[in-house]
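Just below is one structure, and these are the notes that go with it.
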Amino acid sequence: MQYNPGWNNSSVNLLHVRAVGPGDTLHYVWSSIGAPTVLLVATESRSSALCVNWTQLLSPAPAGAIWIDPPSSVVYSAAVVFTKVFEYSEAKTLEELFYPTYDLSDFSWDSINHTLNHTALTAEFTGIPATDPSGSFSNGSLAFRVTAYEASGRDGPLPSLLHTANSSKVEFVLAGVAPRGNSSRFVLEVATVEETGVVQKLRSARSIDDEYTPTIFEMLSLVAESQNDSSTLSFLQWKATAYGSQTPRREDSIQCRSRSLQAANWTLPMSSIVHAYFGEGVGSTYTISAINISFGGEDGKVYQEKRYLSWSALLGFGQPPKDTFSPLIISIMAVALGTPMVMLLVGSCVVLFAQRKRYSEYEPIN
């Protein structure tokens with residue numbers, strides 16, 4: 001993990017995570033310059049490196065300030081941008097009342113230097129609005145917690161996401177932020193940037209196995225597929241739940257809903273690292289899609305009571321991890337399906353034995 005590589009200043013945040021494989025390298029570039037963003041770049045070289053022209057990056061025209069060397073080694077690149085947070089509540093007329101939007105490109109972000117943990121491979125981007133007329137953030141903050149992985153495994157805390165070495169986790173956290181309504185709910189807008197020839201699809205998978213995430217049976221994945229061969233290039237994956245506690249339990253679950261994926265008809269912040277890497281082609285050469293993910297129960301009281309919200313998602317390259325039935329569920333299914341078969345078999349044997357015994361009581365005629 002590299003913090004602000006080539007720049008001896010903590011006034012801005014850029015975190016580079018580099019994973020080297022047998023014949024390739026995966027680059028994750030996280031930054032709060034502009035809206036919080038992560039670049040995902042896959043190369044077919046073990047020695048590919050991130051290059052940053054800091055003077056250009058922090059200028060009003062950052063296009064071309066970030067690149068991978070050698071450029072010819074890049075085989076795939078994309079970006080995920082966390083653009084806005086909406087807050088709304090339902091009036092008695094069942095109409096949704098929206099409050100002024102929190103534009104994350106207008107936030108002031110703390111230095112991640114003091115949260116960077118090279119052993120645990122974690123960091124935290126924490127911010128508040130540059131201007132806060134309502135005072136909602138006077139005792140609160142918004143954060144994105146980032147975790148990189150060295151091997152496959154499963155997270156301990158809920159929602160206990162299954163991960164691989166080709167993936168990283170991002171956790172969106174609202175802590176102590178005062179809601180502006182009596183039954184406020186929050187919506188996180190997530191945008192993706194993809195190259196021409198790549199299409200985003202939203203998938204939903206349901207399972208009867210909820211051992212690792214109790215009462216949650218749905219997994220959602222936003223996958224980038226090549227239009228040429230339908231291969232999956234990258235993904236953003238999450239369980240259909242958020243939590244209202246720093247140490248989440250089943251009873252802390254907060255309802256999480258995903259709206260439909262749509263083509264974005266707006267532009268990303270010019271100061272974002274998306275423009276620094278992709279250049280001026282964002283929106284023409286590269287396509288932008290967006291999805292809204294909402295949090296809160298029917299009455300919105302869960303956050304009102306706890307003033308804490310945490311939502312976790314996994315992102316990475318290739319196919320998203322797929323949960324299989326746990327040993328416990330397999331055992332339960334084996335017992336549930338096997339017991340009737342055993343009873344049927346035993347019953348059949350008893351009937352056959354009884355019939356055979358009855359016929360054997362007769363004496364032969366001769």
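Points to keep in mind about this one:
- Any chance Ser272 is among the hydroxyl-bearing types (Ser, Thr, Tyr) and surrounded by 18 or more Cβ atoms within 10 Å (Cβ to Cβ): yes
- Any hit, segment 4-12, residues being in the same structural domain as Asn113 (by TED's automatic domain parsing) and part of a strand (DSSP E or B): no
- Once segment 32-68 is narrowed to residues that are over 28 Å from the mean Cα position of the chain (by Cα) and outside any loop (DSSP other than H, G, I, E, B), the residue that is surrounded by the fewest Cβ atoms within 10 Å (Cβ to Cβ) is Thr55.
- Tally of residues being small (Gly, Ala, Ser), part of a strand (DSSP E or B) and within 25 Å of Val282 (Cα to Cα) across segment 69-117: 4
- Applying the set (1) of a type in the set (Ser, Thr, Tyr); (2) out of contact with any Pro (no Cβ under 6 Å at 6 or more places or on another chain); (3) buried (at least 17 other Cβ atoms within 10 Å of the Cβ); (4) touching a residue at least 60 places away in the same chain (Cβ under 8 Å) to Ser105 leaves exactly one unmet item: (2).
- Residues of segment 118-130 satisfying the condition of being of a type in the set (Ser, Thr, Tyr) and in a loop (DSSP other than H, G, I, E, B): Thr119
- Whichever residue in segment 245-259 is part of a loop (DSSP other than H, G, I, E, B) and modelled with pLDDT of 90 or more and, among such residues, is nearest to Phe186 (Cα to Cα): Ser245
- For segment 295-308, the count of residues that are surrounded by 13 or more Cβ atoms within 10 Å (Cβ to Cβ) and either part of a strand (DSSP E or B) or not assigned by TED's automatic domain parsing to the domain that holds Asn166 (or both) is nonzero.
- All of (1) hydroxyl-bearing (Ser, Thr, Tyr); (2) over 15 Å from the mean Cα position of the chain (by Cα); (3) more than 26 Å from Thr126 (Cα to Cα); (4) surrounded by fewer than 15 Cβ atoms within 10 Å (Cβ to Cβ) hold for Thr267 with one exception: (3).
- Scanning segment 219-249 for residues that are crowded, with 16+ Cβ neighbours inside 10 Å and either outside the structural domain of Ser312 (by TED's automatic domain parsing) or of a type in the set (Asp, Glu) (or both) yields one hit, Glu225.
- Restricting the first member to segment 248-267 and to residues that are in contact (Cβ under 8 Å) with a residue 12 or more places away in the chain, and the second to residues that are surrounded by fewer than 12 Cβ atoms within 10 Å (Cβ to Cβ), the beta-carbon pairs closer than 7 Å and six or more apart or on different chains are Arg250/Thr215; Ser253/Thr215.
- Only a single criterion out of (1) surrounded by fewer than 13 Cβ atoms within 10 Å (Cβ to Cβ); (2) closer than 27 Å to Pro133 by Cβ is not satisfied by Thr119, namely (2).
- Enumeration of residues in segment 14-40 that are under 22 Å from Thr267 (Cβ atoms) and not aromatic (Phe, Trp, Tyr): Leu14, Val29, Ser31, Ser32, Ile33, Gly34, Ala35, Pro36, Thr37, Val38, Leu39, Leu40
- Filter pass, Tyr99 being touching a residue at least 24 places away in the same chain (Cβ under 8 Å) and touching a Lys or Arg at 6+ places or on another chain (Cβ under 6 Å): yes
- Across segment 56-98, the qualifying residues are those that are in contact with a Leu (Cβ under 9 Å, 6 or more places away or on another chain) and among the hydroxyl-bearing types (Ser, Thr, Tyr), and the one among them that is farthest from Gly34 (Cα to Cα) is Ser89.
- Matching residues, segment 275-286, being touching an Asp or Glu at 6+ places or on another chain (Cβ under 9 Å), crowded, with 16+ Cβ neighbours inside 10 Å and modelled with pLDDT under 90: Tyr286
- Within segment 180-208, the set of residues being touching a Pro at 6+ places or on another chain (Cβ under 9 Å) and without any contact (Cβ under 8 Å) to a residue 60 or more places away in the chain comprises just one member, Arg203.
- The residues on offer are Ala63, Ala91, and the sole one that is touching a His at 6+ places or on another chain (Cβ under 8 Å), at pLDDT below 95 and of a type in the set (Gly, Ala, Ser) is Ala63.
The values are calculated or read from the model by the stated rules, or taken from the named source; none is laboratory data. All of these numbers come straight from a predicted model, not from anything done at the bench. Here Cβ is always computed from backbone atoms with ideal geometry, including for glycine, and neighbour counts include all displayed protein chains.
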